Amino acid sequence: MIIKNIEAKIRLATFIAGASLTAALLMVVAVSFFAYKQVGNARKSVYILDANNVPMSARQTDVEVNRPVEYRTHINLFHSLFFTLAPDDKFIEYQMKKAMYLIDESGALQYNNLREKGFFNSVLSSSSVLTIQTDSIHLDLVNKYFRYYGKQTIDRRSSTVVRTLVTEGYLRDLEMRTENNGHGVLITRWKTLENKDISYVQKNNF
């Protein structure tokens, strides 16, 4: 009987010790999780000073939350730079230089094709002013694919032409942002799907 009682007490003590150890481990994990979460939330809370040096609470947001907006802004900026031209060779050179920071070699390829065809010389010789209006941007975040829809206006001395513009391409995230590429995105495999006249208005030159 004494031996059985000792064995029973040993089993009970072992059970209690194991249960205590398990409970302690669970408590440590739970406390660590909530502490990590609290520290993470605290890091998102920052304070900024207003004009009167009064601290104001602000909140950090996840980069991915605003990424679709940055993608659309990047796409819109590139098309605005590439398709907004004036009869000024320095201005054209400036626009193309800025645009090339936002795209891979597919942009340079289209630029060189247009230059070889004499497109930019025709802009200069006809005193054309080219502007672009964005209609919509379709964005596939899973495949990082986009399709751009816009209208291009070519205002010449003798006429005004409005053309549809549809392009497509893909987006690649860069490891860092720079002054010339503030969104940290690069357009890749860009090509024009459609660019045709939808309106032609002859001007009266008196």
Practice task
Confirm whether PHE120 is assigned to a helix (DSSP H, G or I), among the hydrophobic types (A, V, I, L, M, F, W, C) and open to solvent by less than 50 Å² (accessible area, probe 1.4 Å).
Solution key: yes
Handout entry: Those residues of segment 95-130 which are farther than 22 Å from ASN180 by Cα and either among the acidic types (Asp, Glu) or within 26 Å of the chain's Cα centre (by Cα) (or both), in sequence order
Key = GLU116, LEU130
Exercise for the section: Test ASN195 against the stated conditions and say whether it is within 24 Å of the chain's Cα centre (by Cα) and at pLDDT below 95. Expected result: no
Practice task
Taking the residues in segment 72-94 that are outside any loop (DSSP other than H, G, I, E, B) and over 23 Å from the mean Cα position of the chain (by Cα) as candidates, determine which candidate is surrounded by the fewest Cβ atoms within 10 Å (Cβ to Cβ).
Solution key: LYS90
Problem - Selection within segment 123-165 - open to solvent by 70 Å² or more (accessible area, probe 1.4 Å) and of a type outside the set (Val, Ile, Thr) - result: SER125, GLN133, ASP135, HIS138, LEU141, ASN143, ARG147, TYR149, LYS151, ARG156, ARG157
Completion exercise
Checked segment 135-161 for anything part of a strand (DSSP E or B) and touching a Ser or Thr at 6+ places or on another chain (Cβ under 8 Å); matches are ARG147, TYR148, TYR149, GLY150, LYS151, GLN152, THR153, ILE154, ASP155, THR160, VAL161
Fill in the blank from the handout: Cβ pairs under 9 Å, 6+ apart or interchain, first in segment 127-148 and without any contact (Cβ under 8 Å) to a residue 12 or more places away in the chain, second open to solvent by less than 70 Å² (accessible area, probe 1.4 Å) and among the hydroxyl-bearing types (Ser, Thr, Tyr), ordered by first then second residue, are HIS138/TYR145; HIS138/TYR148
Completion exercise
Going through segment 166-192 in order, the residues found to be of a type in the set (A, V, I, L, M), in contact with a Gly (Cβ under 7 Å, 6 or more places away or on another chain) and either buried (at least 16 other Cβ atoms within 10 Å of the Cβ) or modelled with pLDDT of 95 or more (or both) are ILE187
Practice task
May I ask you to list the residues in segment 151-189 that are on the phi > 0 side of the Ramachandran plot and of a type outside the set (Gly, Ala, Ser)?
Solution key: ARG189
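The values are calculated or read from the model by the stated rules, or taken from the named source; none is laboratory data. Worth saying up front: this structure is predicted, and the values here are computed from it rather than measured. With ideal geometry, Cβ positions are generated from the backbone for all residues, glycine too; neighbour counts draw on all protein chains shown. Heads up: the accessible areas ignore ligands, DNA and RNA and are worked out on the full protein's heavy atoms, side chains in. Shrake-Rupley method; radii C 1.70, N 1.55, O 1.52, S 1.80 Å.
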